[in-house]
Amino acid sequence: MVLSFDSSKPITEPLTVLPIFGTRPEAVKMAPLVNLLKARPEFHCVVGVTAQHRQILDQILEFFNITPEHDLNIMLAGQTLAEITTRALTGLDDVFKEVQPDIVLAQGDTTTVLAAALASAYHKIPFGHVEAGLRTDNLYDPFPEEINRRLTSQITQLHFAPTQMARENLLREGVDSKGIFLTGNTVIDALLQVVNRPEAAVEKTPGERLILVTTHRRENWGKPQENIALALHEIIEKFPDTRAVLPMHPNPIVREPLQRVLGQHPRVELTEPMDYVDLVKVMKRAHLVLTDSGGVQEEAPALGLPVLVLRGTTERPEGVHAGTAKLVGTRREDIVQQASRLLSDADYYTTMSHAVNPYGDGGACERIAQAILHWAGRGERPQDFTPAPQPPPVPSSPLDLVRA
Ligand code: UD1
């Protein structure tokens with residue numbers, strides 16, 4: 001489905017673009033795009049946030065110097081998926097009536113994205129999906145993200161696919177190739193804008209190996225998260241030169257097992273969520289990353305950091321194929337075994353720690369802006385993102401290694 005642009009708008013008038021986001025990772029990935037659109041005379045960029053997350057969204061808005069024109073402030077403590085969806089949908093309805101955008105943009109697979117796409121469809125406003133086409137092909141894993149992104153693709157006009165695999169997923173589902181743009185992922189734009197800033201300079205502590213851990217996903221709530229905490233405890237005990245930093249998601253359900261199992265350990269720092277530059281600094285100092293987050297899985301390979309993915313599936317297989325990420329799942333023994341191997345086998349560590357950038361080159365926002373202009377009949381189609389050539393993949397599959 002390609003809904004065409006209303007060409008009655010005079011070409012001298014800028015396109016009104018309405019980016020919508022609600023959670024912290026969306027804010028990181030949308031911030032460089034918002035700032036680029038705001039700086040360009042071809043666009044009139046109006047920002048709307050659902051604030052599905054409150055405190056941790058505000059941290060990122062402040063860091064990237066973005067003041068939303070519309071803030072729905074929908075977050076409730078202990079909110080259900082239905083509450084987020086209905087509150088976002090109703091709120092966006094009013095925003096769309098007031099702003100009357102030429103196009104709405106949202107990123108990823110959260111409930112905010114689905115609500116933004118659906119509200120756009122109800123208003124027959126074209127919708128552009130940033131980071132389109134990621135799939136695990138398992139409807140309930142990750143939950144509800146796989147559901148959100150599948151539904152969103154059905155009512156999207158412009159699909160900004162970050163990688164070739166994402167584009168192929170969309171083509172396989174029958175999306176018109178004219179509506180797909182291969183842009184790279186905006187998370188690399190954000191990372192490159194921050195990583196070399198003077199305030200992101202770091203010094204590693206000699207003799208210490210730092211492990212960065214993040215875990216928050218719904219499908220890991222409860223037992224899997226407890227397994228992750230127990231595994232980390234065991235790893236830290238086994239390797240006395242290691243220290244772990246774990247910025248915790250604000251949700252009390254996520255915090256409980258982490259605090260119970262790890263709260264007293266002298267070499268585990270359970271911290272509040274970090275602002276973006278602090279998180280980038282920890283990544284630069286880290287030796288190894290354990291995570292179930294999507295964005296961290298994309299950022300770590302760019303910094304040459306091996307990643308153990310604490311999930312049974314991933315919609316980001318590019319890092320696994322490039323040999324810098326491994327899917328280890330959430331069984332305690334598997335996590336301990338894989339981390340131990342990386343911490344004790346220097347050659348193995350080296351094969352996993354080469355820097356690669358399968359996800360982007362820092363030019364994704366520029367390509368998205370160009371794709372919007374092209375769709376509106378105001379410019380050429382952007383060149384596809386092509387990742388830099390990658391070294392040969394590590395031979396064995398991650399699960400073979402885990403089971404070896
Ligand atoms: C949401 C997204 C998930 C994304 C994650 C990133 C959905 C369904 N899920 O999951 O895809 O990976 O954000 O963080 O959209 N809370 C606060 N303050 C905050 C943020 C959250 O107190 O600033 C607490 C609240 O109790 C809230 C809970 O965290 O109810 C859960 O937030 P919610 O947006 O429902 O889901 P996430 O698990 O964060």
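All of the numbers you see were taken from the coordinates with simple rules; none came from a lab. Given the structure is predicted, the values throughout are model-derived calculations rather than measurements. Note that each Cβ is placed from the backbone with ideal geometry, even for glycine, and that neighbours are counted across all protein chains shown.
Look at the dipole of the range 1-57 built from charges on Cβ: of THR12, CYS45, ILE56, the Cα furthest out on the positive end belongs to ILE56.
Ignoring lysines fewer than eight residues from LYS38 along the same chain, the ones with Cα atoms less than 16 angstrom from its Cα are LYS29. Only Cα pairs under 8 Å and 6+ residues apart enter the sum, and on that basis the relative contact order of the range 259-314 stands at 26 percent.
Applying the criteria of a DSSP loop state and at most 14 other Cβ atoms within 10 Å to the GluC sites (Glu not before Pro) of the range 144-186 yields GLU173.
Each of TRP221, TRP375 was scored by other Cβ atoms within 10 Å of its Cβ. Listed from fewest to most, they are TRP221, TRP375.
Using a Förster distance of 35 angstrom, determine the FRET efficiency expected from the C-beta separation of ASP58 and GLN264, and round it to 0.05.
Details: r = 31 Å, r/R0 = 0.88.
It comes out at approximately 0.70.
Loop-located chymotrypsin sites (Phe, Trp or Tyr not before Pro) in the range 137-212 (DSSP state other than H, G, I, E, B) with a sparse environment of at most 13 neighbouring Cβ atoms within 10 Å: TYR140.
Close amide H contacts of ASP71 (hydrogens built in the peptide plane, cut-off under 5 Å, sequence separation of 5 or more or a different chain): VAL49.
Do any trypsin sites (Lys or Arg not before Pro) in the range 147-227 lie in a loop, going by DSSP, with at most 15 other beta-carbon atoms within 10 Å of their beta carbon, and if so which? Could the numbers behind the result be given before it?
Values: sites: ARG149, ARG150, ARG167, ARG172, LYS178, LYS204, ARG209, ARG217, ARG218; in loops: LYS204, ARG217.
Answer by residue number: LYS204.
The distance between label points at ALA82 and LEU139 comes to 1.9 nm (points 7 Å beyond Cα on the Cα→Cβ vector).
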